[in-house]
Each structure stands twice: as structure tokens, then as C-alpha cells.
Amino acid sequence: SPVSNRRIGVVRQGVNIVNHAVSPTGIYFIPSVIENCGSYSVVADGNYIWYVENGSDKIIKLCGRADCTHNSSDCNAYLYSGTDLTYYNGYLYAVSGEGAHRERCTLVKMNSDGSNHTAVFDILKFAKENGGDYAYCDMIINGYCLFSLYRWEVSGNSIVGTWMEQYRYKLDGSM
């Protein structure tokens, strides 16, 4: 059977994990909502990456720094408005910021322990340089970040239309 019956982790009811990635060692996720989860509660705002190791019931923020309080942007687990989390070729990739009302939309690469966040591609900057008003990452899959550029067509105080162009960025650094 292509589906393993081996337990790889437990995520309890009350956790909405739309953005998740699976690695050989466990599951990474950016929760949009976490409520009371049995014996513990976690408050999540979509700005932190969490991790569950294979076979474990323990959910932790993806930061191994002993000097970290895990509640600020200095934490290794912090990712501003993180979306599209993906594990690829030994690294985590995600988008920081998103959509029309964000001041950034950047593809970020990091080590699987959450360290060494590196901005590898500024999607919003690419959009602005190519006539777009904003950009949106559609997904990161099979070594590519697929994204769309949008431009508003405005008449007076009304948006009368939009155009969209789709692009792909190879995670190795090429278009």
C-alpha cells in the first residue's frame, strides 16, 4: 500500500493546519487557529512555525535557541504572515507576507531547525518591476514557487478590472 500505517505524529482537534510541510523527521506547520488542545493551550497568530516530531504528541515552536523567549520576531520560529510552507531538498521554504494589503511578499529559505532565514526571492519587488500592483504565491511545489502578479484597472474611485500573469521561480534560484 502507498499509505504507511506508521504513526508520524499527532495533531489534536482544534488545530487548523492549512500551511504544513512533511519531512523525514516530522511535520512543520503554521497554524491559523489553535484552541485548547487537551492538556495544553496554544495561542497562534500565523506568525510562527510549529513542529511535531515523528511519533511524538508534543507540539513545539521551531526554535532551539536556549536564549529565546519564543514570543518575538527574533525567534527562529517567527515568520511574518507565513504561508505556503514546504520542505524541499533538506530545507524549509515559505512566503513571508502575502497579497494586496501586505508590504512584502518574499520567498524565504531556512534550515530544517528554523535557523538561518534567508530571503531568496522578493516576489512583490518582481511584481512592481514588471508592472504589477501586488503579487500572490499560489503554491510551492516540486522545487518551484508558483506565483501570480496582479494589476488593478481603476476608473475614478472604482476598480473596473484586473489582469493577472503567472510565473514560476525555481528554488535553486532561476526563473
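Remarks
- With both labels modelled 7 Å from their Cα along Cα-to-Cβ, the ASP74 to GLU53 distance reads 2.6 nm.
- If the chain linking ILE159 and MET139 were pulled fully straight, counting 0.36 nm for each residue of separation and taking away their Cα-Cα distance, it would gain 4.6 nm.
- Partner lysines for LYS125 [C-alpha distance under 22 Å; skip if fewer than 8 residues away on the same chain]: LYS109, LYS170
- FRET efficiency estimate (nearest 0.05) - Cβ-Cβ, SER174 to TRP152, R0 30 angstrom: 0.55
- For segment 60-175, radius of gyration divided by Kirkwood radius, i.e. Rg to Rh on alpha-carbons: 1.05
Laboratory data are not the source of any read-out in this text; all were calculated from the coordinates shown. None of the values given here were measured: they were computed from a predicted structure. As a convention, Cβ positions derive from the backbone with ideal geometry for all residues, glycine included, and neighbour counts pool all protein chains shown.
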